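Asks: Below is a structure I'd like to ask you about.
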Amino acid sequence: MSSHAVFIMPAVPHLPAPDWRALERSMLERGLLLADNGDGVPLVALREFMFALVSAGTGVPYRWNPAWKAPQDVVSGFVTQGVLPLGVNLPGSINLEGAVASLRAQGVKLDDSWMPAEASQATWASPRYRVGAAMKAFFFGSSEEERAEFALTLLEFDDEPLVVMGAGTAPPSRRGRDESLEELQPYGSFMDFIGAVYEDLDTVWVDAEGCSHHAMDLDWDKGFGIGRRMLMLEGAEIDYERFAAEIGRLVGTPMVDVHRQL
C-alpha cells in the first residue's frame, strides 16, 4: 500500500533554522491549528491510535465507530467491545500523547505505531494537529470532513537532518534548464551528492560555469528535500505552494513543498 505525505521546509536549510516553537504558537493563535485536546485530534491520527490499541488489546475483533472523535471515545468503545480490559479509562479532553501515557500507566502495552515515524526520529515533534477554520483558505474544497482528516505536525531535527525522498525522486536540473544532472562531480551520482549534503548542509556543487549550488538551489521537481525543520502534512490536497508561502511569511524564511510517495 502506498502512502503520500507533503513536507514544507526552508528553501535554504544551510542557513540558521527558523524558530519552529514560535511558529507553532503563531499558527494556534491565528486559527490555522486547533488546540490539541478532545476532538481536536485529526481522524488520521485517531485511526492510527486505534490500530495501536488493537495490537495491544485482547485480540477480540473490533469495530470502528464513525462517531468517535477523541481518544476517550476509542478507549471507552474498545472497553465495551472487549478489545480492552474492563477498568481501562481516560479522562475527558485529553490529547493523544496524554492518552498514550495514561494507558501505559494502566498496563496497556502500546508501542509507538500511533505516531508518525518521523516524529520518533525528531529531536522535537509537536502533536499531530487538526487544522482550524483559518486553513480553509488553502483547501480546494470546503468540506469539514476534509479538514477533520487533515493532520499537520511540526518537526525539528537538530542532530541529523531529515531527508525526504521516495518514488518521485529523480536527478535534479538547474533551475530554468531542462538537462538532467545524473552526475554532480566531484561527488559522483546525484545520490552521492545527496549523501554529501546529509553530512554537511553547506555542501555545494559547482557547475561548469563556476556557479555554486546548494542542494535546494537545484530543481528536484518537488521530489527531494532535506533540512532540520519540517511541517509534515497528511490528508486532503491543498494549495501547497500558497501555504508554503504563508509559512515563509510567518517565519521570515522562504519555504518549499516536497512530496513523498512511498
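Where a number appears in this text, it was derived from the coordinates with a stated rule and is not lab data. These figures come from a predicted structure and were not determined experimentally. In this analysis, Cβ positions are derived from the backbone assuming ideal geometry, glycine residues included, and neighbour counts consider all displayed protein chains.
Asks: Restricting everything to alpha-carbon atoms, can you work out Rg to Rh for region 91-180 with a Kirkwood hydrodynamic radius? Intermediate values should be presented prior to the final figure.
Replies: Details: Rg = 18.6 Å, Rh = 16.9 Å.
Using only Cα positions, Rg/Rh for region 91-180 is 1.10.
Asks: Which one, F49, N95, P61, is farthest towards the positive end of the dipole of region 40-113 when Lys and Arg carry +1 and Asp and Glu -1 on their Cβ?
Replies: About the Cα centre, the residue reaching furthest to the positive side is P61.
Asks: Stretch E144-S76 to full length: gain in nm at 0.36 nm per residue minus the Cα-Cα span?
Replies: On the way: separation 68, 0.36 × 68 = 24.48 nm, distance 2.51 nm.
Between E144 and S76, full extension yields 22.0 nm more.
Asks: Using only Cα atoms and rounding to the nearest 10 degrees, what angle (0 to 90) does helix 71-81 make with the longest principal axis of the chain?
Replies: Helix 71-81 sits at roughly 50 degrees to that axis.
Asks: Moving on. Nearest 10 degrees, 0 to 90: what angle lies between the long axis of helix 20-29 and the longest principal axis of the chain (Cα atoms)?
Replies: Once rounded, the angle reads 60 degrees.
Asks: Using 0.36 nm times the number of residues separating E182 and R21, minus their current alpha carbon distance, what extension gain do you get? All intermediate terms of the calculation are to be shown ahead of the outcome.
Replies: Numbers: separation 161, 0.36 × 161 = 57.96 nm, distance 3.79 nm.
Fully extending the segment from E182 to R21 adds 54.2 nm.
Asks: Mean residue ellipticity at 222 nm from the helices of the chain, using -39,500 (n - 2.57) per DSSP H segment of n ≥ 4 over the full residue count, to the nearest 500 deg cm²/dmol? If you can, show how the numbers build up before the last one.
Replies: Numbers: 8 runs with 78 residues, N = 262.
Helix contribution divided over all residues of the chain: -8500 deg cm²/dmol.
Asks: Please identify, among G57, G223, G87, the residue showing maximal mean-square fluctuation in a Gaussian network model of the chain using a 10 angstrom Cα cutoff.
Replies: Among G57, G223, G87, the largest mean-square fluctuation in the Gaussian network model of the chain belongs to G87.
Asks: Sticking with the crude label model, points 7 Å out along Cα→Cβ, report the distance from A105 to L250 in nm, one decimal please.
Replies: For the pair A105/L250, the computed spacing is 3.1 nm.
Asks: OK, next. Where the only charges are on Cβ atoms (+1 Lys, Arg; -1 Asp, Glu), what is the dipole of the chain about its Cα centre, to the nearest 20 debye?
Replies: Roughly 1200 debye for the chain.
Asks: What lysines does K109 reach when the alpha-carbon gap must be under 25 Å and sequence neighbours fewer than 8 apart in one chain are set aside?
Replies: K69
Asks: So, one more: Here are labelled values, (1) 31, 21, 16; (2) 24, 22, 18; (3) 39, 20, 16, and one is the computed semi-axes √(5λ) of the Cα gyration tensor in Å for what I pasted. Which one?
Replies: Computing semi-axes √(5λ) of the Cα gyration tensor in Å and matching it to (1) 31, 21, 16; (2) 24, 22, 18; (3) 39, 20, 16 gives (3).
Asks: Relative contact order for region 49-131: what percent, with Cα pairs under 8 Å and sequence separation of 6 or more?
Replies: Numbers: 78 pairs, mean separation 26.5, N = 83.
Relative contact order for region 49-131 comes out at 32 percent.
Asks: Related question: What do you get for the angle between helix 190-199 and the principal long axis of the chain? Use alpha-carbon atoms, 0 to 90 degrees, nearest ten.
Replies: 70 degrees
Asks: Suppose R0 equals 30 Å. What FRET efficiency, 1/(1 + (r/R0)^6) with r the Cβ-Cβ distance, do A167 and D202 give to the nearest 0.05? Before the final figure, lay out each step's value.
Replies: Details: r = 29 Å, r/R0 = 0.95.
The formula returns an efficiency of 0.55 here.
Asks: If I take every Cα pair under 8 Å that is 6 or more residues apart in region 183-259, average their sequence separation and divide by the length, what percent do I get for the relative contact order?
Replies: Numbers: 53 pairs, mean separation 14.8, N = 77.
Rounded, it is 19 percent for region 183-259.
Asks: Over region 171-217, what is the relative contact order in percent, taking alpha-carbon pairs closer than 8 angstrom and at least six residues apart? Intermediate values should be presented prior to the final figure.
Replies: On the way: 45 pairs, mean separation 11.6, N = 47.
Relative CO of region 171-217 lands at 25 percent.
Asks: Checking the a/c ratio against 1.5 first, then a/b against b/c, what shape does the Cα gyration tensor give for region 98-245? Show your work: numbers first, answer last.
Replies: Details: a/c = 3.02, a/b = 1.62, b/c = 1.86.
The shape class here is oblate.
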